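Participant: Please see the structure below; I have some questions.
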Amino acid sequence: MDMRTPLGKVRGLGSAKDGTHHFWVQRMTAVALVPLFLFFIIFLLSHVGSSYEELVGSLSNPVIAVLVGLMVIAGLVHGRIGMQEIINDYVHHDGLKFLCLMGNTFFTVLIGALCLFAVLRIGFAG
């Protein structure tokens, strides 16, 4: 049974079969970010007033570096999907929508690369 309208059938419009995947990735990253963000807040609060060397020494611990890296990745994936949904809902011009989605992806990759480079550099320098 096809639930599409006749015009939708002619245009070939219908489910892109992507919505459920995005829904679950958005929810899983949200769940993952709760303990990661709590860890990050506790980590920051425990280092208030610490010297630069003490902070770098703590970040060079492999467990802490991995947790910070996971927070960066989960946060960026979560943010990218959320922004993609906003763009899809509120940008109606196809060309502008394409540019916004491409900019969203490039921004996410750029920020992710810079953050992970910093975490890896500190992690391996210590």
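Participant: How large is the convex hull of the C-alpha atoms of the stretch 62-126 per residue, in Å³?
Facilitator: So the per-residue hull volume is 48 Å³.
Participant: Positive end of the dipole of the chain, charges at C-beta (+1 Lys, Arg; -1 Asp, Glu), about the Cα centre: which of 95, 56, 6 has its Cα farthest in that direction?
Facilitator: 6
Participant: List, in order, the whole-Hz ³J(HN,Hα) value for each residue of the stretch 72-85 obtained from phi through the Karplus relation with A = 6.51, B = -1.76, C = 1.60 and θ = phi - 60°; use x for Gly and Pro.
Facilitator: Coupling constants for the stretch 72-85: 4, 5, 5, x, 6, 5, 4, x, 5, 5, x, 5, 4, 5 Hz.
Participant: Counting Lys and Arg as +1 and Asp and Glu as -1, what is the net charge of the other residues whose Cβ lies under 14 Å from the Cβ of residue 97? Please list the in-between numbers first.
Facilitator: Working: positive: none; negative: 85, 89, 94.
With Lys, Arg at +1 and Asp, Glu at -1, the net is -3.
Participant: Could you calculate, for the chain, the ratio of the Cα radius of gyration to the Kirkwood radius, expressed as Rg to Rh?
Facilitator: Rounded to two decimals, Rg over Rh is 1.15.
Only the coordinates and a few stated rules stand behind these numbers; no lab work does. These numbers were taken from a predicted model, which means no experiment stands behind them. Cβ sites come from the backbone with ideal geometry, for glycine too, and all protein chains shown count toward neighbours.
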